Amino acid sequence: MNSLAERITVWLIGLAVLIWTLLPIYHMLLIAVAPADKAVASGILPQYFTLQNFQTALGARHNLVQYFWQQLLNSVVIAVGTAVISLAISIGANFAITRLKLPGGRTITNIALLTYLIPAAFLAIPMYRTMGLYGLIDTPWSMIFAMVALASPYAIWVMNQASAKIPVELDEAARIDGATPMKLLWYVYLPLMVPTIVAIGIYALLLAWNEYLYAFLMLSNERQLTLPVALGNFLAFDDAPWSLLMAAGAIYALPPTLIYYMFRRYMVAGLASGAVKS
Amino acid sequence: MAMAVPSGAGATTAARSRAPAERDRKVAWLLVLPYLLVFALFVVYPVLYGLYLGSDPKSYTKLLQDPIFFSTIANTVIFLLIAVNLKMLVALLLSGFFLRPEHWIRWLSVLFVVAWAMPSIPTILSFRWMFNPEWGMVNALIFQWFKVEGPGWLTERHYGLFLAIMVHIWKSLPFWTLILLAARMQVPKEHYEAAAVDGAGTFQQFRHITWPAMRGIYLTSLLLSTIWSLGDFNSVYLLTGGGPLDLTQVLATLGVRYLRMDQIDVALASVIFAMPAILPLVWFMMKRLSNPGEETAK
C-alpha cells in the first residue's frame, strides 16, 4: 500500500515544508553571523562566522542599538503588564458572566467578540489619537492599555468556552457549604481554569511583545521604544547595517519563540479550540 | 431584613437565598467593571471619536482625488483574494499531510509552527533583505545559476505585492493549518475505514467524508482570515513600505500613511470607506460564532 512513489512524494512535500519554513530564519542567521561589511549573501552556505554583531547589539556599541537594553526592558514591561492586566480583567469578566450568571452577560460576550473582529490596523488610527487625548502617548501605558483592549476580548471568549465545561454542580455544592463568590472563584474556578489561564497569559504576552504598528504609532522617544519599532527604524537609513539588524532581530525573536515552545501544549489546545469554534 | 419575614421554613430560605443573589450580582458587576471600563475608554470612545473625525465630506473628496486610492483598493482586493484563498487551500492540504502516521511528520509539524510562534518583524526584514534586487541572496543565486539578472522584486508593483502575499502566507499558514488539523482529527476514523472497505480512494474519501465534516469550519476560517488579513499592516509596510511610488499600498497601510502626513481625517475616511465591505462580514461572523451549538465542524 505504501508504494515507493507515495513515499517519495511524502518526502518531497516534507522537504518543501521544511525549506519553506526555515529559509527566512536561516537567512536571518546567515546574515547575522557575517561581518558588518559582508552582509551580502552570495551563496547558500555561510562564508563567514562571527559573533561580532551580537556583541555590538548586546554591548549597545552602535548608534542604532544605543538603547538596546532600555528598549528590551520596555518590551518586557509592556508584555508582562499586558499579560497580567488582561488576565485579571478577563478572569473577572468571565467568572461574572459564566459562573455568577451576570444578567446581560451574553451581551458583554458579544461586544467582546465584536472587538475581536475589528481589523487591528483600522482601530490603531483612532486609538492613537485617543491616547494623545488621554496624555498617554510615549508612555508604556499607551501600549499596555491598547494591547489589553485587543487581548481581553479574545481572552474572554476562549475562557467562556473553557468555563462552560466546568459542571455547575461544583458551584452548587460549594454554595451549599456556604462559599461566597470570591471563595468560589479562588477554590473552584481558578484551579480548574489553569490550563486556559496559562494559554491566555502567554497569548497576551506574545501579542504585546510582537506588536509593531501600535508601538510604531504611539511611541516615538528612542528611550520609550520597544525593540520591534527600534528594529524597523533601522530602515530609515540608506545603508542599514543589515548584519547588526539581523543579529538584534534574532535576539529579539528568541524569547517569545522559546516561551511558545515551552508552553506549546497549552497554546495549541487552548487557542486552537477557541480561535474557531470546533 | 430576615426579621420582617413571617415565620415559616420556606419563607426564611427564600429570604436567605435572595440576599446572596443580590450580593452575587454586586460582586459580578464589580468583577466585570474593569473590562467594561477598558472597552469604553479604549474601544468605544476611539471608534466614536474616529467616526466624528471622519465625518467631514471634504475628507472623502480628498481621498477620492488621491491618485493612489484606487490602486490601493485594487491591491487590497487582490491581496485578500489570493492570500486568503491560497493560504486556506494550502492549510487544508497540509492538515491532511500532517495527519500521516510517519513519526518524522509529527516533528515536522512542531517545527512548522515556528513561523507563527516567532515575531514577524525580524523575519519580514529577513525576507526584505533576501529579495533585495541588488544585494539580496535570491538574485545573487539567480545570477550564479542562470547567468541572468533577477527581477526587481521590491521595486516593481506586481512583484512587491506578490512578495507581500507570500510573506503574509508564510506567517499565518501554520495557525490555520493547526485549526484545520484540529478539525480533521475530530472526524471519526471508522468512517474512513468503512469507506476504504467499500473501495473509496483518497479523493473520494476526502469528498464524501472529510469535506462535508470540515466545510463549516473552513468557511468560518476563511471569513475570519479575510477580516484579519485586511488588518495586516506589517507584511506590506515592512517589506515594501508601500512603494515603489505608493503602488503597493493596501488599506491597512494607507490609513497610517495619511496619519503620518498629519491628515487624520483622510486616514479615518479611508477606514470608514471600507466599512460597507467589512460590516456584513463581521455581522455574518458574529452570527456564526456567537450561537453555541450551531453548525460547525461537528
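Brief remarks on what is shown
- Residue list for the stretch A:1-29, filter: without any contact (Cβ under 8 Å) to a residue 40 or more places away in the chain, within 24 Å of B:K171 (Cα to Cα) and of a type in the set (A, V, I, L, M): A:V10, A:L12, A:I13, A:L15, A:A16, A:V17, A:L18, A:I19, A:L22, A:L23, A:I25
- Residues considered: A:L206, A:L170. Of these, the only one that is closer than 26 Å to B:S235 by Cα and either under 18 Å from the mean Cα position of the chain (by Cα) or part of a helix (DSSP H, G or I) (or both) is A:L206.
- Exclusive hit being open to solvent by less than 40 Å² (accessible area, probe 1.4 Å) and among the hydrophobic types (A, V, I, L, M, F, W, C), set A:A230, A:A173: A:A230
- When the stretch B:144-173 is filtered for residues that are at the interface with chain A (Cβ under 9 Å from one of its Cβ atoms) and surrounded by fewer than 21 Cβ atoms within 10 Å (Cβ to Cβ), only B:Q144 remains.
- Condition check for A:A272: part of a helix (DSSP H, G or I), modelled with pLDDT of 90 or more and crowded, with 18+ Cβ neighbours inside 10 Å: no
- Filter result for B:P133 (assigned to a helix (DSSP H, G or I), within 30 Å of A:A39 (Cα to Cα) and open to solvent by less than 60 Å² (accessible area, probe 1.4 Å)): no
- Selected residue (only one of A:A208, A:A269, A:A236 is in contact with a Ser or Thr (Cβ under 6 Å, 6 or more places away or on another chain) and of a type in the set (G, A, S)): A:A208
- If the condition is being under 19 Å from the mean Cα position of the chain (by Cα) and over 13 Å from B:H168 (Cβ atoms), then the stretch B:48-84 contributes B:I73, B:V77.
- Yes/no for A:A164 being within 11 Å of chain B (Cβ to nearest Cβ), more than 17 Å from the chain's Cα centre (by Cα) and either in contact (Cβ under 8 Å) with a residue 12 or more places away in the chain or open to solvent by 20 Å² or more (accessible area, probe 1.4 Å) (or both): yes
- Test set (1) at pLDDT 90 or above; (2) in a helix (DSSP H, G or I); (3) in contact with a Ser or Thr (Cβ under 7 Å, 6 or more places away or on another chain) - A:V158 fails condition number: (1)
- Flag if A:L207 is open to solvent by 50 Å² or more (accessible area, probe 1.4 Å), within 18 Å of A:V80 (Cβ to Cβ) and at pLDDT 85 or above: no
- Of all residues in the stretch A:180-197 being open to solvent by 40 Å² or more (accessible area, probe 1.4 Å) and among the aliphatic types (A, V, I, L, M), the one that is nearest to A:F122 (Cα to Cα): A:V194
- Flag for B:Y52 being open to solvent by less than 70 Å² (accessible area, probe 1.4 Å), of a type in the set (S, T, Y) and assigned to a helix (DSSP H, G or I): no
- For B:K87, the criteria (1) facing chain A (nearest Cβ under 7 Å); (2) surrounded by 19 or more Cβ atoms within 10 Å (Cβ to Cβ); (3) within 24 Å of the chain's Cα centre (by Cα) hold in every case but one, which is (1).
The values are calculated or read from the model by the stated rules, or taken from the named source; none is laboratory data. Predicted model only: the values in this text are computed from it and were never measured. Neighbour counts are summed over all protein chains in view; Cβ atoms, including those assigned to glycine, are modelled from backbone coordinates with ideal geometry. Surface areas here come from the heavy atoms of the whole protein model, side chains and all, with no ligands, DNA or RNA. Shrake-Rupley method; radii C 1.70, N 1.55, O 1.52, S 1.80 Å.
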